[in-house]
Amino acid sequence: VPYGIIVYNNKNQFKIPFDPQIRYELESTLKDMRSILKSGKIIRNHNDFHRCKNCSMRMYCSFII
């Protein structure tokens, strides 16, 4: 496989060259994200309500807008 494609909201696409290290990091990050979602314990890493306004994790977060 020469490259992968990352798609955000079925609009923006980014072509990423294949690299075993990048693949490992991506798979590790996805594993962490799935584990966090499953646990329902999201820890916010900021205090900016503007970032939270359209966040897909709002329902799991304790930050109230």
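Each of (1) 32, 19, 17; (2) 44, 26, 18; (3) 54, 16, 15 is a candidate for Cα extents along the principal axes in Å; the one calculated from this structure is (2). Between Gly4 and Ile16, Phe18, the built amide H atoms are under 5 Å apart, and every one of these is 5 or more places off in sequence or on another chain.
Considering helices alone, the calculated mean residue ellipticity of the chain at 222 nm is -11500 deg cm²/dmol, with DSSP H runs of length four and up weighted by -39500 (n - 2.57) and normalised per residue.
For the chain, the fraction of 1.4 Å probe accessible surface lying on carbon and sulfur atoms is 55 percent. Positive-end ranking of Ile36, Met57, Tyr3 along the dipole of the chain, with charges on Cβ about the Cα centre, is headed by Met57. Note that segment 4-21 has calculated 3J(HN,Hα) couplings of x, 10, 9, 10, 10, 6, 6, 10, 7, 10, 10, 8, 10, x, 5, 8, x, 5 Hz, one per residue in order, obtained from phi through the Karplus relation 6.51 cos²θ - 1.76 cosθ + 1.60 (θ = phi - 60°); glycine and proline are x.
What accessible area per residue, rounded to a whole number of Å², is obtained for the chain using a probe radius of 1.4 Å? Before the final figure, lay out each step's value.
On the way: 6330 Å² over 65 residues.
For the chain, the solvent-accessible area averages 97 Å² per residue.
Dipole magnitude for the chain: about 300 debye, using +1 per Lys or Arg Cβ and -1 per Asp or Glu Cβ, origin at the Cα centre.
Among the protein heavy atoms, those of Tyr3 account for about 100 Å² of accessible surface (1.4 Å probe, every chain in place).
Once the piece of chain linking Ser35 and Ser56 is laid out straight, how much longer is it, given 0.36 nm per residue of separation minus the C-alpha distance between them? Don't jump to the answer; show the numbers that get you there.
Numbers: separation 21, 0.36 × 21 = 7.56 nm, distance 1.58 nm.
Extra length from Ser35 to Ser56 when fully extended: 6.0 nm.
Ignoring ligands, DNA and RNA, how do Cys52, Cys61 rank by accessible area with a 1.4 Å probe, largest first?
Cys61, Cys52
The values are calculated or read from the model by the stated rules, or taken from the named source; none is laboratory data. Just so we're clear, the structure is a prediction, and the values are computed from it rather than from any experiment. Please note: Cβ atoms are built from the backbone with ideal geometry, for glycine as well, and neighbour counts cover all protein chains shown. Surface accessibility is based on the protein's heavy atoms, side chains included, excluding ligands, DNA and RNA. Shrake-Rupley method; radii C 1.70, N 1.55, O 1.52, S 1.80 Å.
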